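Trainee: Provided herewith is a single structure, encoded as structure tokens, for subsequent inquiry.
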Amino acid sequence: MKKYDVIIIGAGPAGIFTALELTKLNEKLKVLIIDKGREINHRKCPARSSGTCVNCNPCAIVNGWSGAGAYSDGKLSLGVEVGGNVKDYIGEEKTAALIKYADDIYLGFGAGKMVYGQDDKRVDEIMYEASKHDIQLVPCAVRHLGTERAFKVLGGMYEHLMQNPNIEFRELTSVQEVICEQEKAVGVIACTHGKGAETILADYIVAAPGREGAQWLTEQARNLGIKTINNAVDIGVRVEVPNAVMDHLTKDLYEAKFVYYSDTFDNKVRTFCMNPGGVVSEEHYDGHLAVVNGHSYADPNLKTENTNFAMLVSTSFTEPFDEPIKYGKYIANLANMLTGGNIMVQRLGDLLRGSRTDYKRLLKSTTRPTLKTAVPGDLSFALPHRHLKSILEALKALDNVAPGLYARNTLLYGCEIKFYSSQIKVNQQFETPIRHLYTIGDGAGITRGLMQASVTGIVVARDIVKI
Ligand SMILES: Cc1cc2nc3c(=O)[nH]c(=O)nc-3n(C[C@H](O)[C@H](O)[C@H](O)COP(=O)(O)OP(=O)(O)OC[C@H]3O[C@@H](n4cnc5c(N)ncnc54)[C@H](O)[C@@H]3O)c2cc1C
């Protein structure tokens, strides 16, 4: 039976940066990277060219080399406050230093030089304007790769790693179980598409399965007796408006991260993943569940007339309920049920009047939907009252800083759900109480974005090599 030094489960940014740092520190280490999706050059999302999702299993948007990063907008958030909780584990100073370190690696693989959100005077002006309406602006410098460049940059890392004969990548292979002996991880049981289950041994296991594998990881943790802490689940919609409504914010910030506490429920509502000139997209979980997302290209020729962003309501459940992922999936399922498995779109004006948007009404919309497969419907049948009301109140408040947002033809797509899932109990090096088993990235509930996911990989690699 073949034995490796390290097995990495998941080839997203967290897994890739683990491998990059491991080989940089010791190129002789035998590393196996396993992913249930395909190698980067074999990854293709039919919906990106034809506009029609054909429900690939596994979904090419979130699975395969580069994970959810491949088709992402590629916004690298350069602040410690954004994109995860890494600073709670390793401290602010170290997080900032590792973000800089990882950013340099991204630059080395071809990331663009431009960084947004660095004009302090303009940031202060926007912050002041927002504060007059009880809105908080979370300032954050952002480097924007753009979807096409994100694919190339992370693909470049594949080419680089594969030059080392000690690094192996197995595509279309799903890890089913982590094997432990005497409280120590010793291997995994994995199943390659079309073949039977196989046991593969290693000295160290790094689990980086992303949001797609979050539920699987939580179940593994529970089976192994590792404590999990429930994270909030973020539920909401994707908002789409003409660029003109947001341009004055996005040209300086790229992404305007706003937080508003809703009037009725005092719930935290935040904007997230803003894509100027972008397109609304869909991704699929568990082979069927359609949830909405968005991205944009760096190439000016591929820019659209619209800006989209998520508007999310954070909900933390307390006893006795401890299944936030199931709850989020239940809401997404409900919306899918009403549209025959597609993303739902509604004009804000129709929602406010209590009417469903139908194809005729959608045709009248002056904001033209960029997600062509979205089915017009009524979001109030899917989203809980608490969430919908909070989103509407936040949109109304944000209209003060982005006039035209709370308008009849603003499009709302549902549902956008962020499965941050359970936080797996780990130490400062992201090692679980099971020795030599590390859990990192989005799937471990530690991060929410490319940059911090990458940072977790570097921390783990350095711990394994003990520097
Ligand atoms: C459309 C879209 C746009 C986004 N835009 C941005 C953005 O602009 N900026 C930003 O910071 N973030 C963005 N994100 C989020 C970002 O992509 C993620 O935060 C990041 O990719 C998380 O990295 P990760 O390595 O933890 O997990 P992932 O990238 O999700 O990778 C996990 C990998 O593990 C594999 N896997 C799961 N379970 C198993 C298993 N059991 N066995 C084997 N393999 C498994 C999956 O196939 C996947 O390839 C976006 C995401 C999407 C979908």
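Trainee: Could you count how many residues in region 71-82 are in contact (Cβ under 8 Å) with a residue 24 or more places away in the chain, more than 17 Å from L253 (Cβ to Cβ) and over 11 Å from the mean Cα position of the chain (by Cα)?
Mentor: Residues that pass the stated criteria total 0.
Trainee: Can I ask one more? May I ask you to list the residues in region 386-430 that are charged (D, E, K, R) and surrounded by fewer than 21 Cβ atoms within 10 Å (Cβ to Cβ)?
Mentor: R386, K389, E393, K396, D399, R408, K425, listed by residue number.
Trainee: Restricting to region 180-213, and then to whatever is surrounded by 15 or more Cβ atoms within 10 Å (Cβ to Cβ) and β-branched (V, I, T), can you tell me which residue is nearest to the ligand (Cβ to nearest atom)?
Mentor: Ranking the qualifying residues of region 180-213, first place goes to V188.
Trainee: Of all residues in region 269-303, count the ones that are under 22 Å from V54 (Cα atoms) and of a type in the set (S, T, Y).
Mentor: The number of residues fulfilling the criteria is 3.
Trainee: Against the definition (away from the ligand (no atom under 11 Å from the Cβ), touching a residue at least 24 places away in the same chain (Cβ under 8 Å) and assigned to a helix (DSSP H, G or I)), how does L22 come out, yes or no?
Mentor: Spelling it out, L22 is indeed away from the ligand (no atom under 11 Å from the Cβ), touching a residue at least 24 places away in the same chain (Cβ under 8 Å) and assigned to a helix (DSSP H, G or I).
Trainee: Being more than 21 Å from the chain's Cα centre (by Cα) and at pLDDT 90 or above is the requirement here; does L379 meet it?
Mentor: Yes, satisfied.
Trainee: Considering only region 353-467, give the helices (runs of 4 or more DSSP H) lying wholly within it that have at least 1 residues that are within 16 Å of the ligand (Cβ to nearest atom) and on the phi < 0 side of the Ramachandran plot.
Mentor: Of the helices (runs of 4 or more DSSP H) lying wholly inside region 353-467, those with at least 1 residues that are within 16 Å of the ligand (Cβ to nearest atom) and on the phi < 0 side of the Ramachandran plot span 450-465.
The values are calculated or read from the model by the stated rules, or taken from the named source; none is laboratory data. Quick caveat, the model's predicted, so the values are computed rather than measured. Note: ideal-geometry Cβ built from the backbone for every residue, glycine included; neighbour counts use all protein chains shown.
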